[in-house]
Structures are given as C-alpha cells and as structure tokens.
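Undergrad: Just passing along the structure, written as structure tokens.
The values are calculated or read from the model by the stated rules, or taken from the named source; none is laboratory data. Computed from a prediction, not measured in an experiment: that's the story for all the values here. Cβ sites come from the backbone with ideal geometry, for glycine too, and all protein chains shown count toward neighbours. Just the protein is used for accessible areas: all its heavy atoms, side chains included, with ligands, DNA and RNA removed. Shrake-Rupley method; radii C 1.70, N 1.55, O 1.52, S 1.80 Å.
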Amino acid sequence: MNQILAYTGYLFLLLNLILFFIKFSNQGKAYKIFTLYLGFIFVVQIVAKIYSSQNINNLFLSHFYFISQFVLLSLFFETILKEKYQKNIVKSGLILGLLILGIQYAFDPSLFLKFNLFEIFITSFFLIIFATFHFYNMLNEKKEFYYINVGILMYLFGSTILFLVGNLTTTLSSRVSLITWILNSTLYIIYQLFILIEWKKSFFKKEINTAL
C-alpha cells in the first residue's frame, strides 16, 4: 500500500515538473524558483529510490531534500511577498535556519547519516510562517500562487506532526509507524494535486486565453 502511494506521489511530482517546465521561459522569477524546487526534489527522490532498491543507506539524502526545500521555498516566498518587513523576515529566517542546522551538524557530524527530526521541524516551522504571511497578504491582494500556498501549509504542517509522532511510536508499534508513513504519503499526493490545480487555474487557463 505504501509503495503504491509513494509511486503515485512520484508520478504526480513528475507530471507537475513537466507542466511547469513547459512554460518555464515565459514566466517570472517566483515561477522559475518553484519549478527548480520541483526538479530538485524529484531528482533527490529518484536517487533515494535507486539507493533503496540497491539496499544502500539513503537517509543522508533526506538532508538534501529538506534543506533544498527550505532554501528554494524561502526564495520563492521572498519573491512573492510584497511587504519589505516580510521579505526581511524571510531572509533572516533563511539565514538563521541554515546557521542553526550548520551548528548542529558541526557539533554532531554523525547526524548526517541519520533522519534528523529537528531539521524537519525547524525548516517546516519557518516555511509555515512565510506561507502564513502570503495568506495574510492575499486577503487584500491578488490571489497569486493560492493553491500552491494552501498545499505547502497543509503538507508541511501535517507531515511535521506525523514525523514527530511517528518517531515517538516506532518503538511501540511497527503498525502505527506504517500508518504514519501511509498518511504522510497521502498528504504528499494531496500536496501535488494542489500544485497541479494551481498550474491549471493560473497558467493553463492563461495559455488558452492568450491563444484566443
């Protein structure tokens, strides 16, 4: 079941990457950053899957996934946020988050070969704040990247809770741990669906109107 959900998530991610890449050259900076984000996490997930199929430890790749997600989505939000103080908070949050993680890995390099829950928490925490800023701005402004923002908030908030709970329950029950991963995979698919809806509503529709 979990494998089916995982592959479904990969397929939706690949579809979104292809669709966003098609219009890459004609869009603005935020669109291009988000497309790079999709491309990078797709590559990381494929490499992780290859390592897993060869029974090679791939946990170190999770750091590339979460840190690259943090960096690229922070740059994405810094681009679409309008208020100067919000942009400054994003820049400061990005630097602070990377600094905290850098210090953590400097004191304990062995974490690089493990699944780092603090890394997930700190990167998700900052991104949730940035996404909340964008939601606040959209109350009085154009709803730019609305569905993507909904997907980011829902996925990061839900997956962070699931990872933390899942880590606490792994020693208690393998069944509970499996349920946690299934729920996380389901959340990821929903997240990719929100990205697909964004492309259809904001860019596919615009392409048709331009053609007419």
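Undergrad: Go through LEU183, LEU178 for me and flag whichever is modelled with pLDDT under 95, buried (at least 16 other Cβ atoms within 10 Å of the Cβ) and among the aliphatic types (A, V, I, L, M).
TA: Just a single option satisfies the conditions, and that option is LEU183.
Undergrad: Restricting the search to the stretch 136-150, which residues are open to solvent by 70 Å² or more (accessible area, probe 1.4 Å), assigned to a loop (DSSP other than H, G, I, E, B) and under 21 Å from LEU72 (Cα atoms)?
TA: LYS143
Undergrad: In the list SER74, SER92, SER68, which residue meets the criterion of being touching a Gly at 6+ places or on another chain (Cβ under 8 Å), in a helix (DSSP H, G or I) and either of a type in the set (S, T, N, Q) or open to solvent by less than 70 Å² (accessible area, probe 1.4 Å) (or both)?
TA: When all the criteria are applied, what remains is SER74.
Undergrad: Out of THR123, THR79, which single residue is of a type outside the set (A, V, I, L, M), surrounded by fewer than 21 Cβ atoms within 10 Å (Cβ to Cβ) and part of a helix (DSSP H, G or I)?
TA: Going through THR123, THR79 in turn, the sole match is THR79.
Undergrad: Could you grab me the full set of residues in the stretch 25-58 that are open to solvent by 60 Å² or more (accessible area, probe 1.4 Å), of a type outside the set (A, V, I, L, M) and either touching a Cys at 6+ places or on another chain (Cβ under 7 Å) or under 23 Å from SER74 (Cβ atoms) (or both)?
TA: LYS29, LYS32, PHE40 - these are the residues of the stretch 25-58 that are open to solvent by 60 Å² or more (accessible area, probe 1.4 Å), of a type outside the set (A, V, I, L, M) and either touching a Cys at 6+ places or on another chain (Cβ under 7 Å) or under 23 Å from SER74 (Cβ atoms) (or both).
Undergrad: A further question follows. Name the single residue, out of those in the stretch 1-14 being open to solvent by less than 70 Å² (accessible area, probe 1.4 Å) and at pLDDT 90 or above, that is farthest from GLU144 (Cα to Cα).
TA: Per the stated criteria, the residue is THR8.
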